[in-house]
Protein chains: 2
Amino acid sequence: MAKRVTGPEIEKLIQLLAKVPGLGPRSARRAALHLVKKKDQLLGPLADAMGEAHRKVRICSCCGNVDTIDPCTVCSDERRDHSVLIVVEDVSDLWALERAGAMNAAYHVLGGTLSPLDGVGPDDLNIKGLVQRVANGGVRELIIAVNATVEGQTTAHYITDQLEGMEVKITRLAHGVPVGGELDYLDEGTLAAALRARTSI
Amino acid sequence: MAKRVTGPEIEKLIQLLAKVPGLGPRSARRAALHLVKKKDQLLGPLADAMGEAHRKVRICSCCGNVDTIDPCTVCSDERRDHSVLIVVEDVSDLWALERAGAMNAAYHVLGGTLSPLDGVGPDDLNIKGLVQRVANGGVRELIIAVNATVEGQTTAHYITDQLEGMEVKITRLAHGVPVGGELDYLDEGTLAAALRARTSI
Ligand SMILES: [Zn+2]
Ligand SMILES: [Zn+2]
């Protein structure tokens, strides 16, 4: 924009909105204008919700989920079967699998996958915490639900090696997850089927 | 989501984000997760920017633009030619025309178009304010840059009638704006050409 047409506060808002996934620079302007027009119905409540999330959000010290309590909502849910852990790369995968609604298990969020080229080694992921959870006992099955990518499979093998000799059944998602695909983009039906048809590693 | 996987604060954030234009329910979840992961780099600053915009934003009492000062940045810009007013339906059109960068004029935002079927009459728009600005003198040209829709053209005619007998040149955007099209979606080049080739009504 050659000349300023609005105050720096609104320009700032547009700049920050453009960094939100799903919004580019043009849609950020449209979003900002909509927010500003719905000042009291949307902008104010959203500002408050973001402020509250910013103050309260934390990573679950048990499973790596994102929540406002620690242990998180999933870890402290007594109706779940905590003897089954679904191991995922990212919190978005945990959310996607929960939407599939096929399991009543607990989770473990790795925070990524092994990727030597990107400098991501075992210590950069939440793998020690996983081994510790299994070593503490009470876990009878690990469902390794990483993405069907090379890095995902490498990570699955590394985890399986780390748990060698421990008494835990290790399974993976059934094929049905498209090779190279990202869990978070799959429909609920495919995810549910892949969970039900999981196979022993 | 059958069972809760995260705290009510984050669910609330997702619900509100889903109301932002450009984000649906699924992309709102992805956006919320991204924000939460970029807690200090993005979520916090965005919360602050929204809060500040919410507290400060107002409608310019002169032209109807949205800003944090009144008169707005455009109205108080002494380098602009305030004897030329570009009349637009919406603030988004003002922003779009400024991106075209073809004029150094001031603006008047109507806040919509006449639409008897939707119960929008002259008193629901910022038309009296426009007539007053012209009556006050100092305006030599009005460029009526409403959308090329039936309602837009009806509104243009109504305004022209209201200004009958006043000494002001009234022009409209050159054809080049696609019939039925919305200004806000046009590229800068088309908008600039339409402004340059404007014709007398
Ligand atoms: Zn947890
Ligand atoms: Zn103004």
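The values are calculated or read from the model by the stated rules, or taken from the named source; none is laboratory data. Just so we're clear, the structure is a prediction, and the values are computed from it rather than from any experiment. Cβ coordinates were reconstructed from backbone atoms using ideal geometry, including for glycine residues, and neighbour counts include every protein chain displayed. Side chains are part of the model used for accessible areas, which takes the heavy atoms of the whole protein and leaves out ligands, DNA and RNA. Shrake-Rupley method; radii C 1.70, N 1.55, O 1.52, S 1.80 Å.
Below, the figures for the structure above:
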item	result
Accessible area in the full protein assembly, largest first, 1.4 Å probe, for A:Glu188, B:Glu141	A:Glu188, B:Glu141
Amide H contacts of B:Ile86 (H built 1.01 Å from N, under 5 Å, at least 5 apart or other chain)	B:Ala106, B:Tyr107, B:His108, B:Ile143
Value at 222 nm in deg cm²/dmol, rounded to 500, when DSSP H runs of n ≥ 4 in chain A each add -39,500 (n - 2.57)	-11500 deg cm²/dmol
Vicinal HN-Hα couplings computed from phi for region B:130-136 (Karplus, 6.51 cos²θ - 1.76 cosθ + 1.60; Hz; Gly/Pro x)	5, 4, 4, 4, 5, 4, 5
Length-normalised contact order of chain B in % [C-alpha pairs under 8 Å, at least 6 apart]	15
GNM top mover of B:Asp40, B:Asp124, B:Asp187 - chain B, alpha-carbon springs below 10 Å	B:Asp40
Other-copy label distances relative to A:Val131, 7 angstrom Cα-Cβ extension, nm	8.1
Label zone at B:Arg26, where the point sits 7 Å out along the Cα-to-Cβ direction: region A:139-170 residues whose backbone N lies under 20 Å	A:146-149
Minimum 40 Å² accessible area buried by the other protein chains, region A:74-112 residues, probe 1.4 Å, relative to alone	A:Trp95, A:Glu98, A:Arg99
Inter-copy spacing of B:Ala193 label points, which lie 7 Å from Cα along Cα→Cβ, given in nm from shortest upward	5.0
Accessible area per residue, Å², the protein assembly as shown with all protein chains present, probe 1.4 Å	45
Alpha-carbon centroids, region A:1-61 and region B:18-93: separation in whole Å	8
Per-residue mean of C-beta atoms belonging to partner chains within 10 Å, peptide A:18-25	6
Accessible area (Å², 1.4 Å probe, nearest 10) - B:Ser92	20
Interface B:A - total buried accessible surface [probe 1.4 Å, Å², rounded to 100]	5900
Rel. contact order, % - alpha carbon contacts under 8 angstrom, at least six apart, region A:147-201	45
Accessible surface of the protein assembly as shown, 1.4 Å probe, proportion on carbon and sulfur as whole %	51
Pairwise FRET efficiency - B:Lys3 versus A:Arg55, Cβ, R0 = 25 Å, nearest 0.05	0.50
Whole-Hz couplings from phi, Karplus 6.51/-1.76/1.60, listed for region B:151-160; x for Gly and Pro	4, x, 5, 4, 5, 4, 5, 4, 5, 4
Order of exposure, largest accessible area first, which applies to A:Glu89, A:Glu78 with probe 1.4 Å	A:Glu78, A:Glu89
Loop-located trypsin sites (Lys or Arg not before Pro) in region A:109-159 whose Cβ has at most 11 other Cβ within 10 Å (DSSP)	none
Computed FRET value (nearest 0.05) for B:Ser76 with A:Asn126, which takes r as the C-beta separation and R₀ as 56 Å	0.55
Over 28 Å between alpha carbons, listed pairs A:Lys169/B:Lys38; A:Lys3/B:Lys39; A:Lys3/B:Lys169	A:Lys169/B:Lys38; A:Lys3/B:Lys39
Sequence-separation-based contact order of region A:74-172, relative, with Cα cut under 8 Å and 6+ spacing, percent	31
Residues with amide H under 5 Å from that of A:Val177, placed H, sequence gap 5 or more	none
Copies compared at B:Thr160 - label distances in nm, ascending, label defined 7 Å from Cα in the Cβ direction	7.7
